[in-house]
Structure formats: C-alpha cells, structure tokens
Amino acid sequence: MNNVPLENLKNSQWMAATPSIDSMVLGELILPGAHNSGVDKKATYAAPAIAHWAACQNNSFLEQLQNGARALDLRLEYDIDSRGVGTFWFQHSGIRSSRSLENLIMQLIRFLEANPDEFVLLDFHELAAGNSAFDHREFNRFLTVHLGPRVIPSSNRHLTLDQLKKESRVQRVWLAAPRHPALDREFFLPDIEHFWSGIGTTSVSELQAHIANVLRAPYFSSMPWSLSATSYTIAMGPLDIKEHLDRWFHPDNSWVHSCSIINADFFEESRLVQNCRTANIIRAQQRDK
C-alpha cells in the first residue's frame with residue numbers, strides 16, 4: 001500500500017495512512033506530543049483566570065488525538081473527597097483541571113474505536129499526592145480494568161507496528177510511568193526520559209538554545225524520549241510558538257530527524273503532526289535501505 005498524499009491526510013488517521021512506517025518499532029518513531037495534555041482551555045478550574053497561566057492545550061483529550069497527537073504527556077494527582085471516594089485528577093504545577101483519569105480513558109477508547117490502527121503512548125510523567133498519597137495500587141487496577149485489552153505488553157515494545165497489528169486487533173496503547181512496586185511491569189514501560197530547559201520561564205531564544213544543545217549529539221535509546229519544545233512567561237503563561245516550531249522542525253532541517261517525542265503546547269496550531277509524519281517516512285526509508 002502507498003502512503004496517503006499529504007494534501008489528503010486526515011490527522012486523526014495519520015499513522016494508518018502511512019503504511020511505510022509499519023516496519024518501525026516504538027523507539028524509532030517520531031511522535032507529535034501534547035505537553036501537559038490534561039490541562040486545556042476547555043477544562044474548568046478553581047478560578048477562571050487560572051486557565052490563562054495553566055492551560056497548555058486548546059482542546060480535550062479526544063480532540064488532541066483527532067488532531068494527531070500520539071504521545072500524551074500526563075501529570076496526575078490523587079484526591080479523596082469527603083465521601084471517601086478517590087479520584088485521579090490532571091494538574092499542572094499543582095493547578096488542577098476538571099479532567100480526570102476516567103475522562104482520559106473514555107475519550108481514548110472512543111478515539112480508538114473510530115481509528116483502530118492508530119497507536120498512542122500515554123506518558124504518565126508525574127504521579128503526585130493531592131490531599132492524599134498517590135494510590136499506585138488503585139492506579140494500576142483502574143488502568144488494568146478499563147484499558148487492559150488495549151495495552152501493548154512491555155515485552156512487545158520491540159515489535160514493529162506491523163507485527164503489533166498482527167498480534168492483536170485492539171492492542172494499540174503503550175503505557176509508561178515511573179517505576180513503583182505496585183505497578184505491573186508487564187503493563188507499564190519504564191518512565192519516559194524528558195529533556196527540558198530547566199528554566200521555568202523559558203524564552204524562545206532559551207528554548208532554541210536548549211533544543212540545539214540536546215540535539216547536538218545523537219541520542220540513541222530503545223525507548224522513546226521526550227524533547228520539551230515549550231515557552232512560558234509569567235505575564236502570558238504557555239506561549240503559542242507555532243511559527244518557530246514549523247521552522248525548527250521542518251523536514252528539510254535536521255532537528256526533527258533526531259527526535260523521538262516532540263512535546264509541544266497548542267501543538268495543533270503548528271504543522272508538527274505533518275512534519276513528524278514526513279520525518280517518519282524518511283526515517284523508515286533510510287532504515288529499510
């Protein structure tokens with residue numbers, strides 16, 4: 001089968017529309033990522049103005065997936081309410097959104113039912129305490145029960161996309177989280193290594209220097225790794241830097257070809273999905289020579 005031409009591409013199905021990447025394994029893919037995926041402008045917050053400083057995405061999980069994100073950067077906290085009911089909430093630096101883990105699972109399943117040959121990496125980057133210590137055992141149980149048949153076992157992470165499709169018609173989700181004794185190692189990949197500037201208020205020039213420094217020497221790993229491509233100011237909060245992303249990660253330039261996950265704010269406003277797709281095609285062609 002041939003790849004669907006770019007002008008006819010639906011971002012919701014960009015992986016299925018690109019059969020040339022079926023020979024690649026997880027660690028070889030270049031994935032468009034949604035930074036702080038659970039904190040978006042359509043969620044609700046304790047005070048309306050908070051979203052201005054906290055929200056890193058425009059849309060819900062479902063819309064992010066439909067718009068082409070294939071690696072979701074997820075930061076949770078655990079809270080027990082007055083009735084004794086525990087909930088996993090998404091948060092950004094302690095600012096909680098109205099999105100819960102249940103919301104994510106429901107929207108992910110809805111997406112996969114409509115797009116059965118798309119693969120998604122859920123990168124649980126932070127598992128924090130809210131008003132109670134994080135309940136890793138309940139977190140493991142919740143995902144096992146609600147996502148179990150769809151999760152790619154960690155022992156299969158070295159299989160190609162084509163092999164994974166032949167292995168199962170529904171296993172399309174990779175889970176990654178920091179190691180903990182209560183988390184099933186056959187269910188969870190090790191945590192994804194993140195490379196960020198280390199500067200809370202990263203300017204565009206500081207971000208560019210950070211990316212150049214990370215990509216100066218090739219980084220090889222059998223696991224995906226995440227490059228932070230985000231800028232933030234105290235006055236404006238997370239910035240929309242689509243013009244810079246489009247230029248820096250254009251397939252004619254070298255940076256995108258050295259990446260694994262490109263973790264961006266408001267990713268769908270840029271051409272990140274299209275550029276990652278083109279870079280994957282090039283990488284697949286080079287490795288198959």
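Derivation of every value follows stated rules applied to the coordinates shown; laboratory data play no part. Note that this is a predicted model, so its numbers are computed, not measured. Every residue, glycine as well, gets a Cβ built from its backbone with ideal geometry; the counts of neighbours run over all protein chains shown.
One table, with the values for the structure above:
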item	result
Contour minus Cα-Cα distance for F142 and I234 (0.36 nm per residue)	29.5 nm
Gain on full stretching of the segment that runs from K41 to R179 - 0.36 nm per residue minus C-alpha separation	46.6 nm
Rg/Rh ratio calculated on Cα atoms of the range 6-287 (Kirkwood radius)	0.94
Lysine pairs meeting the criterion (Cα under 27 Å, 8 or more apart or interchain), as found in the chain	9
Calculated FRET efficiency for the pair R110/S168, C-beta based, R₀ 25 Å, to 0.05	0.85
Distance-filtered residues of the range 225-249 - backbone nitrogen under 19 Å, label point 7 angstrom along S205 Cα→Cβ	230-236, 239-245, 248
Distance cut-off 15 Å, percentage of C-alpha pairs in the range 61-151 lying past it	61 percent
Beta bridges per DSSP with both ends in the chain, % antiparallel, nearest 5	30 percent
Net charge over other residues, Cβ less than 15 angstrom from the Cβ of F134 (K, R count +1; D, E count -1)	-1
